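Okay, so here's the structure we're looking at.
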Amino acid sequence: MELTSRKRWLGKTLLVALAVTAVFIAFQHWDPAPLQVLRMKQLDVFQRIKPRPITPTPVTIIDIDNRSLDAVGQWPWPRTHLALLVRHLIDHGAAAVGFDVLFAEADQLSPAEYAKILQGADANTLRVLKSLPGNDAVFAQAIGAGRVVLGQALTSELRPGTATKDARKATLGHMKSDSLPFFSIDKGSADPRELAKTVWRHVRGFNGIVRSRPELERAAKGIGATTVESEADGVVRRIPLILRAGDYLYPSLGVEMLRVATGTSSIMTKSNALGMTSMVVAKVDIPTDENGRSWIRYTPQNPNRYVSAVDLLTGKVPAGRLRGHLVLVGASASALGDVRETPLNPVMPGVEIHAQWLETVLTRSFLKRPNYILGIEYLVTALFCLVLALTIPLAGALTGLLIGVAGVAGLGGISWYLFVDKGILLGVTYPVLAGFLLYTSLLVVNYLREETQRREVRHAFSHYLSPDLVSQITDDPAKLQLGGENRELTFLFTDLASFTSLVEKSGPHLIVELLNDYLEPTCDIVMKHGGTIDKIVGDAIHAMFGAPNEQPDHADRAVACALELDEFCRKFEKEKHEQGIPLGITRIGVNTGTVVVGNFGGKSRFDYTAHGDAINTAARLESVNKHLGTRVCISKTTLDAGSGFIGRPVGELVLKGKEEGLGTFEPLSAEDAESPHVKAYLAAYELMAKGDPGARDAFARAAEQFPDDPLIAFHLARFTAGQTGTRIVMSEK
């Protein structure tokens, strides 16, 4: 009878827990405004405790502040003033200029417009005024001379001309389209058309657009939406990166500035069945929520973010201050009223919201609330309620309270850790409220059981408890396991000679363009031969063959890759020399050996890479080319691991820091291997390997006949210095 009573009592407890859990999961799905605000406040507290640190970032606001209005005059200014402002920004080397200002109406201060209202003027004066260029034309000319992005505001008001074909062309007509105008859709395993529908359903829709003047839009390099919407409590925490009006999608102002500044021709959205997951702009994968909104990680106020417009117009901005910066033009003047509330500041100029988002992207300080996070919160709510429901009957009300407090602290700690270390926003409001309600409900029921009941509940508890929370929020836990295995691999290292000095003498735009032109095809060659690019360090490529996928012919692949890389780099070097760019040669080193390969690192980050002496040797072989005069060096271990190698021996190199010699070879094409200078070299080398005294004369004759062969010259120099034999001790790296 007592056992039946205990079972009935436990059943009632579980029913209460299930009811509370079901109610709160329903609330989570509904997400009413008051509880939504409560959840957001938790995230605000985190941002206030640990805001994004203020670091030098190439983002600047040209501020139409009170001082500018006092000096220049009331707003709106004549657009000739804005044209002058744009020309100054172009002269200062701004990477892109974005206007958080709309120019929907014609400038009424244009000479022709002014002539219409001018009274008492003679006909000649009026004729002269009407013949002068309009202010909008002057402004458009200035816009067309630089990388300028104009703003447009999406509105719920139905306006004529919204989302027409002409409007689309004026906005981003040059961008690629795949089911969605202007946006490439992530072509994963899903049908792009289905992904397009998913994005379409979730993106925030508007009825109309407030646009700038057509002649201004035609001159601009891009047009972005300045629309910023507050949360239910009036605080701006995230910004939409993509918006919908009529039948078309439009990017935000910040997204367009990034695209224009980097010369990117398309924007890619990624989505799943729940909605958008991220947007890729200029190769930066920016996480979004399902509606295409991006969280902003704010910093405290920083006056260095602002430059007064009047200082720019009067030439008081130091040279270099704006070079390479993303420049936003907006207003903080109190009379213009463009202020918003943010988690860190109750009064922030609207333009700074765009600036802080750009800084968030440039510093990769992303805040993420992935689409799956709501499911995690459902699970946490359910688990927390079930833990309390099963703990209180087993351990008593006081112990249950302590466990509940510990659980709340644990959830808060996990949420804080994810925020600080991963930038993931995990709300704990619902689990905490659900736990509190459940606890009070169980106290009302006054549920205390004996030790036998506790053992029964403990047994049930073991069936309900899920794995650790952290493992649940990772996308693929198996891939995050640390560890490695011993495996024979072949490593290829490249380095561009004299690149550091070229960087010091050249402008950043040239270096970026040069690196892109160099690295893209060289990386393609590595991947074409099945190599894995472990790292790119400046101009240098570190590649490995045989991992992660096993490749029995990894040595042959690496040698073939080295030869093709050398062929491309010779042509590339020649082309750049013809263009007047003193590009150095590309040195390549290849070595084979057994290493440990796998995931290495710690709990905050890991890297799939390899560790072992064979890697260092490959790097040394790359470097030793500059002493030998060669372009490519292959170790004997690579030769032995491969098949069909064609080349000539260099010698037994004792690399700096080593004691044993390493057979080293220069790979050759079949055509080069039959050339006279190679045959002369091989004959002289054979004499040197045998210790024949005639080796020196053989190298001397070869050098006289083939003065451009670096290896012949290298060995002749060794003989001149009193060195003999094939063992070569390197005193430098």
Review point. Among the residues of segment 363-371, is any farther than 15 Å from GLN47 by Cβ and outside any loop (DSSP other than H, G, I, E, B)?
Key: no
Study note, to complete from the structure: Considering only helices (runs of 4 or more DSSP H) wholly within segment 468-529, the ones with at least 1 residues that are modelled with pLDDT of 80 or more and not assigned by TED's automatic domain parsing to the domain that holds LEU379 are 508-528
Exercise for review: Can you confirm whether segment 431-441 contains a residue that is at pLDDT 50 or above and more than 46 Å from the chain's Cα centre (by Cα)?
Suggested key: yes
Check your understanding: Of these, MET279, MET268, MET257, which one is in contact with a Ser or Thr (Cβ under 6 Å, 6 or more places away or on another chain), buried (at least 19 other Cβ atoms within 10 Å of the Cβ) and closer than 21 Å to GLY98 by Cβ?
Key -> MET279
Study note, to complete from the structure: Residues of segment 42-91 being without any contact (Cβ under 8 Å) to a residue 40 or more places away in the chain and either small (Gly, Ala, Ser) or over 30 Å from ASN135 (Cα atoms) (or both), in sequence order, are VAL45, ILE49, PRO56, GLY73
Review point. Within the set of pairs 6 or more residues apart or between chains, which connect a residue that is part of a helix (DSSP H, G or I) inside segment 248-260 to a residue that is surrounded by fewer than 24 Cβ atoms within 10 Å (Cβ to Cβ) and charged (D, E, K, R) with Cβ atoms less than 6 Å apart?
Key: VAL260/ARG147; VAL260/LYS221
Review point. What tally of residues in segment 651-676 results from selecting those that are assigned to a loop (DSSP other than H, G, I, E, B) and not acidic (Asp, Glu)?
Key: 8
Review point. Quick check: is even one residue across segment 610-617 out of contact with any His (no Cβ under 9 Å at 6 or more places or on another chain) and more than 21 Å from ASP495 (Cβ to Cβ)?
Key: no
Exercise for review: Please name all residue pairs, on different chains or six or more residues apart, with Cβ atoms under 6 Å, provided the first residue is in segment 218-234 and is touching a residue at least 60 places away in the same chain (Cβ under 8 Å) and the second residue is assigned to a loop (DSSP other than H, G, I, E, B).
Suggested key: LYS221/ARG147; THR226/ASP100; VAL228/VAL236; SER230/VAL236; GLU231/ARG237
Check your understanding: Of the residues PHE699, PHE719, PHE714, which is crowded, with 19+ Cβ neighbours inside 10 Å and assigned to a helix (DSSP H, G or I)?
Key -> PHE699
Check your understanding: Which residues, taken from segment 618-638, are crowded, with 20+ Cβ neighbours inside 10 Å and free of Cβ contacts under 8 Å to residues at least 60 places away in the same chain?
Key -> ASN625, CYS633, SER635, THR637
Review point. From THR299, THR288, which residue is assigned by TED's automatic domain parsing to the domain that holds ILE223, surrounded by fewer than 24 Cβ atoms within 10 Å (Cβ to Cβ) and in contact (Cβ under 8 Å) with a residue 12 or more places away in the chain?
Key: THR299
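The values are calculated or read from the model by the stated rules, or taken from the named source; none is laboratory data. What you see is a predicted model, and the numbers here were worked out from it, not measured in a lab. Every residue, glycine among them, receives a Cβ derived from its backbone with ideal geometry; neighbour counts consider all protein chains shown.
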